[in-house]
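Below is one structure, written out as structure tokens; comments come after it.
The values are calculated or read from the model by the stated rules, or taken from the named source; none is laboratory data. Note that the structure is a prediction, hence the values are computed from the model and not measured. Cβ sites come from the backbone with ideal geometry, for glycine too, and all protein chains shown count toward neighbours.
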Amino acid sequence: MKKADYIIRGDYVLPMDEGLPVIKDGAVAVNGKTIIDVGSFNDISKKYTSKNIIGGKNRAVLPGLINTHTHAAMVYFRGMADDLPLKEWLEEHIWPAENKWLSPEFVSDATELACLEMLKAGITTYNDMYFFEDASGKAAKKIGIRAVLGAGIVEFPTVSGQNAVDYLNKAERFIKDWKKDELIIPSVAPHSVYTCQPETLTMAKKLADKYDVPIHIHLSETEWEVGEVMGRYHKRPVEHLEAIGFLDENVLAVHCIWVEDNEIELLAKRKVGVSHCMESNLKLASGFAPVVTMLMSGIKVTFGTDGAASNNDLNILSEISTTAKVHKALSNNPTVLDAKTALLMATRWGAEVLGLGEITGSLEKGKAADIIIMNLDKPHLIPLYDIYSHIVYSARASDVETVFVNGKLAVDNGELVTASEKEILDKARKWREKIRG
């Protein structure tokens, strides 16, 4: 028999590979950072021995969830400016707060809190767009989460840069510094079509292509944005990006609420991934993205939380449930966005649109051991007839009890083991006192 560092067992194992099977009384064998086998516990126990057999009865084992869009450090602005439209929220509250408070120390401390929240909610990979991402990278690595970190690019001065060239130069340095890291994947993140001129977007795309890293952009989030872009360029936002040669499979477009059928066809043709941030969109009243149409067109739509300043949490399980239900209502069709599709969007597709499909997103031999165990022994999860249905419509973040990232135990029995939760929370409270004045 071969030795495994861990055998992770559950009444239900959801590999999220092709066919979306359910392995009852299943197990995942892990050695080092890697999954070495997946199958029934009976088969795994005949092939492997381990001192660490965890999980078991009334447990579900599945890949770590993927948050494909957030601004992690904005967790320190949670609840600061609620019940406002996006433009007013951003220009009159968030940007002034960022200009006053943003620093490497702020971003590092806030990122630790965001990573703590995400890991305890079963998120093992997140895709970020912000500033001082070197500080984010160090914090995320300390906590032990996988992160795609987008160096934010705008054209106006902020505390982190002076102009487009300055932001781009800093993005390139960030990419060079982190390109070979195992957990931190650098990316390029021009904010949007309305904050970046065509020349800036073209330079950002060339930079991403030069280093073969993802590119991450807000797109067609509001009606105002569409009107602004059409006024400037006489094209809708997706059409404008197509015209300047920006769109391809390395692009992740966030929101895509105000897109028309021809734009959806363009996104599908160019294999652009989409991050859907339902709860943030609802709270800011930005509109309803045509998710069902995008899925039918072959676009891989995934889930993002957006920042905690506009959501106000970093909970993908909540996003899954809300999204599935809202789009059934919008479509007047209870069969759309079924539970299996919704969980696929939160796992394997999430990894694929970030260029990480060979590394994470499913429980398969050779992939990184990014694995979560959910406790099903809860009143709201009994009785159980369909495990996919339970996870999508009934499960809560608090049901996640164990989390592995890259084969390393990060959360055990619901508690972070890679750093002190108390220290992270105490720092957050101290920052609140500073910010509140």
Can you say whether residue 74 is assigned by TED's automatic domain parsing to the domain that holds residue 312, touching a residue at least 12 places away in the same chain (Cβ under 8 Å) and over 21 Å from residue 123 (Cα atoms), as far as the supplied structure shows?
no
Please specify each residue of the stretch 135-181 satisfying the condition of being closer than 30 Å to residue 371 by Cα and in contact with a Phe, Trp or Tyr (Cβ under 6 Å, 6 or more places away or on another chain).
137, 147, 151, 152, 175
Scanning the stretch 70-91 for residues that are part of a loop (DSSP other than H, G, I, E, B) and over 21 Å from residue 136 (Cα atoms) gives 79, 80, 81, 82, 83, 84, 85
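Yes or no: residue 25 part of a strand (DSSP E or B), surrounded by fewer than 24 Cβ atoms within 10 Å (Cβ to Cβ), in the same structural domain as residue 378 (by TED's automatic domain parsing) and touching a residue at least 40 places away in the same chain (Cβ under 8 Å)? Can you show your working first?
Numbers: part of a strand (DSSP E or B): yes; surrounded by fewer than 24 Cβ atoms within 10 Å (Cβ to Cβ): yes; in the same structural domain as residue 378 (by TED's automatic domain parsing): yes; touching a residue at least 40 places away in the same chain (Cβ under 8 Å): no.
No, not satisfied.
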Kindly indicate whether any position in the stretch 302-312 is within 15 Å of residue 68 (Cβ to Cβ) and part of a helix (DSSP H, G or I).
no
Exception for residue 358 within (1) touching a Gly at 6+ places or on another chain (Cβ under 9 Å); (2) touching a residue at least 24 places away in the same chain (Cβ under 8 Å); (3) within 26 Å of residue 114 (Cα to Cα) falls at (2)
Residue 12 passes all but one of (1) part of a helix (DSSP H, G or I); (2) hydroxyl-bearing (Ser, Thr, Tyr); (3) assigned by TED's automatic domain parsing to the domain that holds residue 383; which number fails?
(1)
Please name all residue pairs, on different chains or six or more residues apart, with Cβ atoms under 8 Å, provided the first residue is in the stretch 174-186 and is farther than 18 Å from residue 407 by Cα and the second residue is basic (Lys, Arg).
186/179
Under 7 Å between Cβ atoms, at least 6 apart or on separate chains: pull out the pairs that start in the stretch 255-268 with a residue that is under 10 Å from residue 236 (Cα atoms) and end on any residue that is hydrophobic (A, V, I, L, M, F, W, C) and modelled with pLDDT of 95 or more.
258/226; 259/238; 263/238
Looking at 116, 62, which one is assigned to a helix (DSSP H, G or I) and either among the basic types (Lys, Arg) or under 27 Å from residue 375 (Cα atoms) (or both)?
116
Hey, can you tell me all the residues within the stretch 237-255 that are surrounded by fewer than 18 Cβ atoms within 10 Å (Cβ to Cβ) and not acidic (Asp, Glu)?
243, 244, 245
Is it true that residue 158 is buried (at least 24 other Cβ atoms within 10 Å of the Cβ) and on the phi < 0 side of the Ramachandran plot?
no
Which of the residues that make up the stretch 77-107 are touching a residue at least 12 places away in the same chain (Cβ under 8 Å) and of a type in the set (Lys, Arg)?
78, 87
Matching helices (runs of 4 or more DSSP H) fully within the stretch 335-437 where at least 3 residues are closer than 15 Å to residue 125 by Cα
339-346, 348-353
